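One structure is given here, and the rest of the page talks about it.
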Amino acid sequence: MGLLFTPTAMVIAQVILVMPIIAALTRQQVEALHGEYAEQLNSLGLTRLRMIPTLLWDARFGLITVILAGFGRASAEVGAVMIVGGNIDGVTRVMTTSIVLETSKGNLPMALGLGIILLALVTMINAIAHIIGETAKRRLG
């Protein structure tokens, strides 16, 4: 198929790693809401299939956390990305594999600098998601 050592292979590997986490946490969120609202939804005559959009909408703020958990897992991944991507400079090298490479070369200041940048990016994305969630909760209740 010609996917090995390509960015496409890296994306596929990340999706395979992250989807089970997102699916499990989403199911947990929806199941908890279903237990809370099952009687009301049944009284409205909704089938299980018709309940899903309602439950997902009600769980939207919790699902932001689920997505961030998946993002955290993906942003910290080194092994799968290095295996399928090959850490090729200018093609498949990502920040986490660069950190590993610089550490193995003994260039610890560069590895530390890249690690600090990665942590700052992840912190910034989490902060933005938190602000969006809090703003939406205040507006929508």
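Cβ-Cβ distances below 7 Å connect the following pairs, each with a first residue in the range 84-105 that is farther than 15 Å from LEU4 by Cβ, a second residue that is outside any helix (DSSP H, G or I) and among the acidic types (Asp, Glu), and a separation of six or more residues or different chains: THR96/GLU77. Being more than 15 Å from the chain's Cα centre (by Cα) and not charged (D, E, K, R) is a description that applies to LEU33.
Whether a residue is part of a helix (DSSP H, G or I), touching a helix residue (DSSP H, G or I) at 6+ places or on another chain (Cβ under 8 Å) and closer than 30 Å to ARG139 by Cβ was assessed, and LEU25 passes this test. Checking LEU68, LEU49, LEU63 one by one, the residue that is assigned to a helix (DSSP H, G or I), surrounded by fewer than 15 Cβ atoms within 10 Å (Cβ to Cβ) and modelled with pLDDT under 95 is LEU49 and no other. The condition of being basic (Lys, Arg), modelled with pLDDT under 95 and not in a helix (DSSP H, G or I) does not hold for ARG73. Taking THR26, is it at pLDDT below 95, farther than 19 Å from THR96 by Cβ and not hydrophobic (A, V, I, L, M, F, W, C)? No, not satisfied.
The values are calculated or read from the model by the stated rules, or taken from the named source; none is laboratory data. Note that this is a predicted model, so its numbers are computed, not measured. With ideal geometry, Cβ positions are generated from the backbone for all residues, glycine too; neighbour counts draw on all protein chains shown.
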